[in-house]
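A quick write-up on the structure given underneath.
Just so you know, all these numbers are worked out from the coordinates, no wet-lab data involved. Worth saying up front: this structure is predicted, and the values here are computed from it rather than measured. A quick note on method: Cβ atoms are made from the backbone with ideal geometry, for glycine too, and the neighbour counts reach across all protein chains shown.
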Amino acid sequence: MIAETQNTSTPKLNTLSGVFTPTTLTILGAIMYLREGWVVGNAGLGGALLIIIIANAITASTAMSISSVATNIRVRAGGAFSIIAQSLGLEVGGSISLPLYLAQAISVGFYLFAFTEGWVSIFPNHPAALVLFVSFSFAFAIALISANFAARIQYGILAVLGISLVAIFLGSFAILGKDGMVNTPQIWGNFSDGNFWQVFAVFFPAVTGVLAGVNMSGDLKDPRESIPKGTLSAVALSFVIYIVLAYWLARVASPEELVSNLTIMVEKSAFGPAVLAGILAATFSSALTSMVGAPRLLQALAEQEILPKGKWLGLKTENGEPRNAMYVTGILAIGTLIFGLSGGGLNAIAPLITMFFLIAYAMLNGVVLLEKKLQLVSFRPLFSIPFIVPLTGFLGCIFVMFLINPTFSLIALSVVFGIYTFLSRRQLAAPWSDVRSGLFVTVAEWAAKRTIALPTDQERAWKPSLLMPLTDSNTLLGSYRFLKALTAPRGSVRVVGISPEKNPPIKDELTALIQAFANDGIFAHSAVLRAENLKQGAQVSMDLFRSTFFRPNILFLVLREEIVEKDIQSIYKNAMENDMGMVLLASHSLAGLGREQTINIWLRGQGPKWEIGLRLHNLDLSLLLAYQIAQNWQGNIQLTTVVSDENEKVAAENYLKQLIKLGRMPRNTQGNVYVGELDDFLKKNAHADLQIFGLADRVSLEFIHKAVEETQSTCIFVHDSGHESALV
């Protein structure tokens, strides 16, 4: 019994055996033999050459993009999956590569059906089902032995293809000797079987296959060298062959013959059996390439735990063969054969298979587009290409997808998006870093540059961004629910732990709490500052953050017994100098935040005019915070003011009504006006879970404690920065 291991083998394939041969064999397939003549007959020589050039421009661009990335990273097992995942993350890599694997596994059946059709046309007495399963058994057995053995077999297949091409071109001399090459090439065809793009769609699959060698990345001695050399040389050689064949076909047969006779190459060659052997070799080699490459992609996906039973599927033999993945791929291939034999519509789903290949090609080009656009220092490939190359490949792949079949294109994209959504929820941990962080930083920098050019006050874009200095992590823990209500969903919290020690315990404690904010979808960040006390640390923090772009707009301070009034006043003054709002939280020891339902805002008297101007006097921040908290609590807001004269009551009530309307406060917001002194009504308005007061120019701890005790509620004391508005 063969022992299983994770990966103890040393890759043995070189550029020729691992990349060039499988890529060439996949590109020079059945379409070359059976459809290129049809393309020339429909499009004419000029139209056919244009189709070949456009199609190869797309695949050549993709090949160059792959080569560029391959010389910039360490390509691991999985080929395209490794490249995409290392650039855009496991979620994107998995969502693209899982359908790509299924497409490759099912393609084994497609190629074997094509092989069987060719075989039965030569030997009509042979049962098709028997030929189908015998050919599968040979392909599976070769792949099961080892990639090295498959590579040696492919050398022989490549030789057969070479002999068939020689037989085709020698046919020119045979025809010349009989009648002379009398056919004058038709430059532009009549397109009897479809328009230009329909003919293009038939031909395009002929030039795909650039991933055949890339999929062998885990078995290559030097992927960084072999992938570019092998892939590009295979693409270049096949391009030349297609161009020469197009000219040959245009000279040896009339357009009518080319359109009606799909085996024209067999008849016009010097030795027809050699061409028939080439057709069989091309279809069998394509099946073998998929049979060898698909399990390696599956093994790479499983190794990163993207699939269930990942450990079992991710195992390799001592020789580095993904044996378990091979069995699963074989089962899928047999299922495809049985489905096809039972009358299943394999041809109907063939375009969907092509879509998954094209999505992978587009994403590989997209990786290079993104890397080049970000201009990160980490992207310094040994094989550098201009921006237009990946752009051509990316747009070309998308164009061809919708050209071939718009419906299947949308289905394929939906499948990829669905898998991505599923994988994103699993929070996969990759053993490498990717470029996504660089992408977001670049976008942020772009936005910052654009924002700087705008007017200074961005009142319409205001959201709570808190700076919270503290000396004890329990301060953050105790106010966590309130901070969440204050900032969710778009606000942020920056916590600065202050300690005179070099490596204080508060550092690790804050890290755990910050992660809780992240789990709740709130942007939070913590840092530790060496300072002697809260006053010094708070002032240094504000001075430092003032020069940052995403600067906090509110200083949030939790009132604790050890904080003296003098220090609070100093911190408050420094906040005003730094154009920051101020929120001072004084919690009630027993009531806490109560039922988290009712918020009461105390307004200072606005008499004698009681008019609402463009600016509210130290009231904007209170209204905005009350609205923010009420939304998260699903609670209600009360606006309360006290007037000393009964004659002011009506004006005050109208003021509150207008304020609720212009401030677009929730419909259940109420306005209360009392006549008398503030102290007389603190106790009477105790029916609130949170009381909001404006903060006077001088901080009075006596009034703060009195407000908490009289209202029997948690209170916050607020002062505007002057850069927020509740009326915009």
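Using only Cα atoms, tell me the angle between helix 272-303 and the longest principal axis of the chain; keep it within 0 to 90° and round to the nearest 10.
20 degrees
With +1 on the Cβ of every Lys and Arg and -1 on the Cβ of every Asp and Glu, and nothing else charged, how large is the dipole of the chain about its Cα centre, in debye rounded to the nearest 20?
1300 debye
For the range 522-619, run through the GluC sites (Glu not before Pro) and keep only the ones in DSSP coil with at most 13 other Cβ atoms within 10 Å of their Cβ.
GLU532, GLU561, GLU562, GLU611
Take the Cβ-Cβ distance between VAL166 and SER424 as r, set R0 to 45 Å, and report the resulting FRET efficiency rounded to the nearest 0.05.
0.30
For the chain, take the longest principal axis of its alpha carbons; what is the angle in degrees between that and the long axis of helix 406-425, to the nearest 10 within 0 to 90?
Around 50 degrees separate the two axes.
Please state the relative contact order of the chain as a whole percent: Cα pairs under 8 Å, 6+ residues apart?
Answer for the chain is 17 percent.
Mind computing the radius of gyration and Dmax over the alpha-carbon atoms of the range 41-101? Å is fine for both.
In Å, with Rg to one decimal and Dmax whole: 16.1, 46.
What distance in nm lies between label points placed 7 Å from Cα along the C-beta direction at ILE122 and ASN647?
11.3 nm
In straight Cα distance, which aspartates and glutamates are under 18 Å from LYS12, not counting same-chain residues fewer than 8 positions off?
Correct list for LYS12: ASP219, ASP222, GLU225, GLU318, GLU321.
Just to check I understand the Karplus step: with θ = phi - 60° and J = 6.51 cos²θ - 1.76 cosθ + 1.60, what whole-Hz values come out for the range 80-85, glycine and proline as x?
For the range 80-85, the Karplus curve yields 4, 4, 4, 5, 5, 5 Hz.
Taking the highest mean first, how do the peptides 13-23, 412-422, 616-626 order by number of other beta carbon atoms within 10 angstrom per residue?
13-23, 616-626, 412-422
What full-extension length gain, to one decimal in nm, is calculated for GLU256 and SER137 as 0.36 nm per residue of separation minus the Cα-Cα distance?
38.8 nm
Using Cα positions and a limit of under 12 Å, work out the aspartates and glutamates in reach of LYS609, with same-chain residues fewer than 8 apart set aside.
Correct list for LYS609: GLU648.
Check cross-link reach from LYS373 to the lysines: straight Cα distance under 20 Å, and skip same-chain residues fewer than eight apart.
Candidates past the 8-residue exclusion: LYS449.
Just to verify a number: FRET efficiency for ASN503 and PHE387, C-beta to C-beta distance, R0 = 35 Å, to 0.05?
0.15
Under a crude label model (7 Å from the Cα following the beta-carbon direction), how far is GLU677 from LEU544 in nanometres?
Simple spin-label model gives 4.7 nm for this pair.
Taking every DSSP beta bridge with both residues inside the chain, roughly what % is antiparallel (nearest 5)?
Percentage antiparallel, nearest 5: 15.
Out of residues 5 or more away from THR598 or on other chains, whose amide H comes under 5 Å of its own, with H placed 1.01 Å from N in the peptide plane?
ASN636, ASP689, LEU690
With the cut-off at 32 Å, tell me which of the pairs LYS316/LYS507; LYS507/LYS706; LYS484/LYS535; LYS484/LYS573 have Cα atoms farther apart than that.
LYS316/LYS507; LYS507/LYS706
Between LYS373 and ALA270, what length comes free when the chain is fully extended (0.36 nm per residue of separation minus the Cα-Cα distance, one decimal in nm)?
Value of the extension gain: 31.9 nm.
Specify which residue in the list GLY537, THR511, VAL131 is farthest towards the positive end of the charge dipole of the chain, using unit charges on the beta carbon of Lys, Arg (+1) and Asp, Glu (-1), about the Cα centre.
VAL131
Would you mind getting me the FRET efficiency between GLU702 and GLU318? Use the beta-carbon distance for r and R0 = 60 Å, nearest 0.05.
Step by step, r from the Cβ atoms, then E = 0.15.
Helix 323-341 versus the longest principal axis of the chain: what angle, 0 to 90°, nearest 10, using Cα atoms?
With rounding to tens, the tilt is 70 degrees.
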